[in-house]
Amino acid sequence: MKLITFTNKGIYCPQGKFYIDPWRPVDLAVITHGHADHARWGMKKYLCHHFTKPILHQRISPDIECQTLQYGEVLDINGVKLSMHPAGHIIGSAQIRLEYKGYVSVVSGDYKVQDDGLSTPFELVKCNEFVTESTFGLPIYNWLEVPDLNKRLQNWVLRNQENQKTSVFIGYSLGKAQRIMKAVEGMGKIHVHYSIGKLNKAFEEVGIVLPDYEVPDFRESIKHVKGDIVIVPPALLDSNVIKKIPDAATALCSGWMQVRGARRWRSADAGFPMSDHADWKGLLQAIKATEAEIVHVTHGQTEVFSKYLNEIGIKSDVVETLYGDDDDEIVEKETIENPEV
């Protein structure tokens, strides 16, 4: 049985007549999460988790037609039982479970099995067919435990404070920025770029409490942030915004920072391996536990990872998609409304 097919518009369920994370306009788009490579404009109707709706309103339009589900709630679409289950990637991220005549397919979107303390933790869903990412699908990628990583961020801020430096963290506006805020809560005044502030509102709208923060106008003097904590998106790395921050010490927060010499490493003073994707062990843990008969690898280290799965006895293939290898590599249109900011 083919419950999902891979088309030039995206992942399609022919029985249900809907797409999952399509990259071209369709009538019904089921969205795994709010990152720009998975949730695009132009769909006639969107279906997503309750927490993702305000994110789509912020990033796409408040006028879109959008239906929501809670985790575990079942919706029958043309005989296909669809439900959403926590993916642990960011808030509202969901694995899409499809069941038709006893056959179960799960499209995981982006996911991580590590509990970051902010997103709803990953839920194992057994299935016949599993669609996985492999952004960090190499054995070199093994994340620190969240408390240990947070402690590193905190120690870096303390050192900067001792040296009268301003701690500037660079992390994706949706997911990373909020994790950074929680990690350094109570260590000083937090300032965020307005693109992060906008998405913080989406968190707050669904009842998620974030640390207190301010949104300075980077077009004006920002001398008042000296010695504090500033969080900006990756698109502003090496920009005039960073240059305006007094006595700035910069740190990149990305899974790529696990490897010395990673892309753009030399542009920052420090790097922390913070990722909202599963590491090597997490990917294998999740995939093995699903007991899937076939695993489709959609983006990331696809060839290497799929080959390894086949070598250990898990049938796998590679599927070409338009999803990003890493969220940090996406240039957010909303990041800089004024190119001079």
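Each reported figure results from applying straightforward, stated rules to the coordinates on display, with no laboratory input. The model shown is predicted, which means the values in this text are computed figures rather than measured ones. Neighbour counts run over all protein chains shown; Cβ positions are idealised from the backbone, glycine included.
Quick notes on this one:
- Looking at the chain alone, DSSP beta bridges between its own residues are antiparallel in about 35 percent of cases.
- Charged-residue dipole, Cβ positions (Lys, Arg, Asp, Glu), the stretch 187-237 about Cα centre, Debye nearest 20: 180 debye
- Relative contact order (percent, whole number), the chain, Cα cutoff 8 Å, 6+ residue spacing: 17 percent
- Three-way shape label, the stretch 137-216, alpha-carbon gyration tensor, a/c 1.5: oblate
- Working note: Karplus 6.51/-1.76/1.60 with θ = phi - 60° gives the stretch 213-224 the couplings 8, 10, 10, x, 8, 6, 7, 9, 5, 10, 4, 5 Hz, where Gly and Pro are set to x.
- For the stretch 144-271, lysine pairs separated by 8 or more sequence positions, or belonging to different chains, with Cα-Cα distances below 16 Å total 16.
- Distance between the stretch 56-113 and the stretch 214-255 - C-alpha centres, whole angstrom: 35 Å
- Computed lengthening from D212 to D63, 0.36 nm per intervening residue step minus Cα-Cα distance: 50.7 nm
- Two-site label geometry, V319 and E73: point separation in nm, points 7 Å out along Cα→Cβ: 2.5 nm
- Choice from S108, S61, S195 showing the highest fluctuation, given a GNM over the chain with Cα pairs closer than 10 Å: S61
- Shape of the stretch 144-271, Cα gyration tensor, a/c cut at 1.5: rounded
- Cα-based Rg of the stretch 209-250 normalised by 2.2 N^0.38 Å, two decimals: 1.16
- Close amide-amide hydrogen proximity is noted between V230 and S167, V168, F169, H191, each under 5 Å apart and 5 or more residues distant or on a separate chain (H modeled in the peptide plane; Pro and chain starts excluded).
- Computed lengthening from F6 to Q154, 0.36 nm per intervening residue step minus Cα-Cα distance: 48.9 nm
- Amide H contacts of Q95 (H built 1.01 Å from N, under 5 Å, at least 5 apart or other chain): H85, A87
- Taking I245, I294, I77 as the candidate residues, the one with maximal mean-square fluctuation in a Gaussian network model of the chain, Cα springs under 10 Å, is I77.
- Maximal additional length on extending the N240-E185 stretch stands at 17.1 nm, based on 0.36 nm per residue less the C-alpha distance.
- With helices as the sole contributors, the chain gives -6000 deg cm²/dmol at 222 nm; each DSSP H run of n ≥ 4 counts as -39500 (n - 2.57), and the sum is divided by every residue.
- Using θ = phi - 60° in the Karplus curve 6.51 cos²θ - 1.76 cosθ + 1.60, the 3J(HN,Hα) couplings for the stretch 95-104 round to 7, 9, 9, 10, 10, 8, 6, x, 9, 10 Hz; x is entered for Gly and Pro.
- Note that the stretch 244-250 has calculated 3J(HN,Hα) couplings of 7, 6, x, 6, 7, 10, 9 Hz, one per residue in order, obtained from phi through the Karplus relation 6.51 cos²θ - 1.76 cosθ + 1.60 (θ = phi - 60°); glycine and proline are x.
- Think of the stretch 144-271 as a dipole: +1 on every Lys or Arg Cβ, -1 on every Asp or Glu Cβ, centred on the Cα centre; then among F203, Q258, V168, Q258 lies furthest on the positive end.
- Listed residues A270, A87, A289, most fluctuating in the chain (Gaussian network, C-alpha, under 10 Å): A289
- Stokes-Einstein D (µm²/s) once Rh is taken as the Kirkwood radius of the chain over alpha-carbon pairs, at 10 °C in 1.306 mPa s: 77 µm²/s
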